[in-house]
Amino acid sequence: MTDLLVVEDDDQLRKALTLTLRSRGYVVHPAATGGEALARVAAVRLDVVVLDLGLPDMDGVTVIERIRESSGVPIVVLSARRDQSDKVTALDAGADDYLTKPFGVEELLARLRAAARRSGASVDAGVVHTPDFDVDLGRKQVLGRDGAAVHLTPTEWGVLEVLVRAGGLLVPGADLLREVWGPQYEGQTNYLRVYLAQLRAKLEPDPAHPRYLLTSPGLGYRFDPSGARA
C-alpha cells in the first residue's frame, strides 16, 4: 500500500481527494494546515506528500523547505498558482512535481504513481538480488548466477530499470512507454510486448511462465525479485 499525506486547506477538496484516492487503494492521511502536515511527516512513514501551497498558517514553500530538512519523501504540489516563477520557487525548494488546479484525476494518479516509484527506488538503489540473477542499478548491468554479465540492449535495460526501481509497484503500460520511449509513444503497447518478451528470454528460467517480469492484463507490469509467482 502507498501512504499519502494530502495537505489541503479547502475542506471540500481535501475530502474529495481523500475519498478518491482511498477508492484507488491509497492510504491517505489528510491535513488542513502546514503545522499539521509537518507533524504527520515526523510521525508517519510516508511514500508521497501531496501539498497545496496556499495554506492558512504558513506558505507551502516553507512547508517544503521544512520537510526537506529531515526527509526526502517525494512532494507533489497542487496549486492554483500558474505563474512560472511560483513553479520554479516550489521546485527549487525541493518539490518533485507541480500540478496546477484544476487538474484531472487520471493525471494526478499518474503523477502519484511516478512519485511513488521514485520513493520505492530509495529502498535499494544498489544491487537487487533474485534467485536467478542480480540487477546492479549503479553499474546498469545484470549478472547471472555464474557472475557473467547478461547482455541487454539500452532499451531493454531502460524497461527493466523502470520496473526494478518501482519497488514491486505495478507500472501502467502508458507510464512505462512514456519513461522509456517518451510521451509520444504512450499508445504503442506493441513495444512493451516485444521488449518484455526479449527480457524474459534473457532473464527468466522459463520465459513462457515468468516469475520476475509479471504482467497484469489491462493494467501494467511489475517486477517481483522473489520469483515467488512461479
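Every number in this text was worked out from the coordinates using simple rules, so none of it is lab data. The structure presented is a predicted model; accordingly, all values stated were derived computationally and were not measured. Note: ideal-geometry Cβ built from the backbone for every residue, glycine included; neighbour counts use all protein chains shown.
Amide H to amide H, with H built 1.01 Å from N, His29 comes under 5 Å of Leu4, Leu5, Val6, counting only residues 5 or more places away or on other chains.
Helix 189-203 and the longest principal axis of the C-alpha atoms of the chain enclose an angle of approximately 50°.
Each Cα pair of the range 135-224 feeds into the Kirkwood radius, which the Stokes-Einstein equation turns, at 37 °C and 0.692 mPa s, into a diffusion coefficient of 247 µm²/s.
Rounded to the nearest 500, the helix-only mean residue ellipticity at 222 nm of the chain stands at -12500 deg cm²/dmol, with each DSSP H run of n ≥ 4 adding -39,500 (n - 2.57). Which aspartates and glutamates, if any, have their Cα less than 18 Å from the Cα of Lys202, not counting same-chain residues under 8 positions apart? Here the aspartates and glutamates satisfying the reach criterion relative to Lys202 are Asp132, Asp134, Asp136, Asp146, Glu156, Glu161, Asp224. Rounded, prolate or oblate: pick one for the range 3-121, where a ≥ b ≥ c are the square roots of the eigenvalues of its C-alpha gyration tensor, a/c under 1.5 means rounded, and failing that, prolate if a/b is larger than b/c, else oblate. It comes out rounded by the Cα gyration axes. Beta bridges from DSSP with both residues in the chain: antiparallel share about 50 percent, rounded to the nearest 5.
Across the chain, the longest piece that holds none of the GluC sites (Glu not before Pro) lying in DSSP loops with up to 16 other C-beta atoms within 10 Å covers 70-185. Counting only alpha carbon atoms, the long axis of helix 105-121 and the longest principal axis of the chain meet at about 60°.
Counting only alpha carbon atoms, the long axis of helix 34-43 and the longest principal axis of the chain meet at about 40°. At an R0 of 30 angstrom, the distance between the Cβ atoms of Asp92 and Asp134 translates into a FRET efficiency of 0.20.
For the range 146-230, trypsin sites (Lys or Arg not before Pro) meeting the loop criterion (DSSP other than H, G, I, E, B) and having at most 15 other Cβ atoms within 10 Å: Arg229. In terms of other Cβ atoms within 10 Å, Arg81, Arg24 run from fewest to most in the order Arg24, Arg81. Among 93-101, 142-150, sorting by the average number of other beta carbon atoms lying within 10 angstrom of each residue, highest first, gives 93-101, 142-150. Subtracting the Cα-Cα distance of Val105 and Gln141 from their residue separation scaled by 0.36 nm leaves 9.3 nm.
Its Cα gyration tensor gives the chain an equivalent ellipsoid; the semi-axes, largest first and in whole Å, are 36, 18, 16.
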